[in-house]
1. Using Cα centres only, tell me the gap between region 128-178 and region 195-223 in whole Å.
2. When only alpha-carbon atoms are used, what values of Rg and Dmax, in angstrom, describe region 1-59?
3. How far, in nm, would the chain grow between ASP218 and ILE136 when pulled straight, counting 0.36 nm per residue and subtracting the alpha carbon separation?
4. When ranked by the protection proxy of mean other Cβ atoms within 10 Å per residue, highest first, what sequence do the peptides 62-73, 131-142 form?
5. Long-range amide H contacts for GLY82: which residues qualify at under 5 Å (H placed 1.01 Å from N, peptide plane, sequence gap of 5 or more or a different chain)?
6. Figure the gain on full extension for THR13 and HIS36 (residue separation times 0.36 nm, minus the Cα-Cα span) and round it to one decimal in nm.
7. Looking at region 2-219, what % of the alpha carbon pairs are farther apart than 26 Å?
8. Can you give the extra length, in nm with one decimal, that the chain gains between ARG53 and GLU113 once fully stretched, where that is 0.36 nm per residue apart less the Cα-Cα distance?
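Throughout, read-outs are computed from the coordinates displayed, never taken from laboratory work. Keep in mind the model is a prediction, meaning the values are calculated, not measured. In this analysis, Cβ positions are derived from the backbone assuming ideal geometry, glycine residues included, and neighbour counts consider all displayed protein chains.
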Amino acid sequence: MITFSEVHKRYATGYEALKKVSFHLDKGEMAFLTGHSGAGKSTLLRLIALIERSTGGQVIVNGQHLGRLADNRIPFLRRDIGMTFQEHRLLFDRTVFDNIALPLVIGGFRHQEIRRRVRAALDKVGLLNYEKSYPITLSGGQQQRVGIARAVVNKPSILLADEPTGNLDPALAEETMDLFSQFNQVGVTVLIASHALGLIKRMGCRTLVLQEGALISDLKPTPNKRT
Ligand code: ADP
Ligand code: ADP
């Protein structure tokens, strides 16, 4: 589903954010990506969604070699990838409904289909009664869930999350991680960049560790230790 072979990313500044990173994530797998701030986690996620292009090696997503993918094909790739950002990137002058509907409006879906899908996404994240609310009136945890609903409204096969629990208290952080698990349980491939080490340990998932752009460890899941 996602394969990195000796992937390099050098930014225009000359900074090498990723160095020879290789790993494979199977369809339906859930994994964490961890490491210190600046280790290259966001960069790695951005390469998968082609927000950035690699400068060496191969990135293969859903069987497509991204290095060979023309810019005009990027929207088609992104239809199958949902991504959440630490700062949510919600539109504050639009309702929750409109925020989540946005990818579908861009995708040209019919009005009725949009309503159906947005409601389904809101239901999944437990915010059915909030479709007319404005994001500013919601708590941080609820805003994060609106971001997750927007990421999954297209029913992507891959879900990428960049520090989804960064601003949340421990209980909300755990709820958010459980939400990602639920998407994973219905077959979505999930990759979460996070430095919430305690939480990651409790989730019992595969964990990729980046250090200064190099992948230094890839720990497979241990039996579920959650209580
Ligand atoms: P992380 O998500 O692990 O905090 P990032 O992938 O955001 O790490 O960043 C890795 C390194 O690459 C950092 O040193 C960052 O400053 C640098 N970097 C990120 N984006 C850019 C960019 N667009 N141009 C130049 N350097 C960048
Ligand atoms: P986040 O990791 O929360 O997405 P960052 O602070 O890493 O946010 O990056 C915010 C934006 O700034 C990104 O688009 C990234 O590419 C860019 N950026 C980060 N570090 C640098 C840098 N050293 N030079 C230029 N752009 C950067």
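1. Using only Cα atoms, the two centres lie 22 Å from each other.
2. 11.2, 36
3. Details: separation 82, 0.36 × 82 = 29.52 nm, distance 3.87 nm.
Stretched fully, the ASP218-ILE136 segment lengthens by 25.7 nm.
4. Numbers: 62-73: 11.7, 131-142: 14.2.
In decreasing order of mean packing, 62-73, 131-142 become 131-142, 62-73.
5. Long-range HN contacts for GLY82: ILE158, LEU159, LEU160.
6. Numbers: separation 23, 0.36 × 23 = 8.28 nm, distance 2.05 nm.
Taking 0.36 nm per residue and subtracting the Cα distance, the gain is 6.2 nm.
7. Here the long-distance tail beyond 26 Å is 34 percent of all Cα pairs in region 2-219.
8. Values: separation 60, 0.36 × 60 = 21.60 nm, distance 3.31 nm.
Once the chain is fully extended between ARG53 and GLU113, it gains 18.3 nm.
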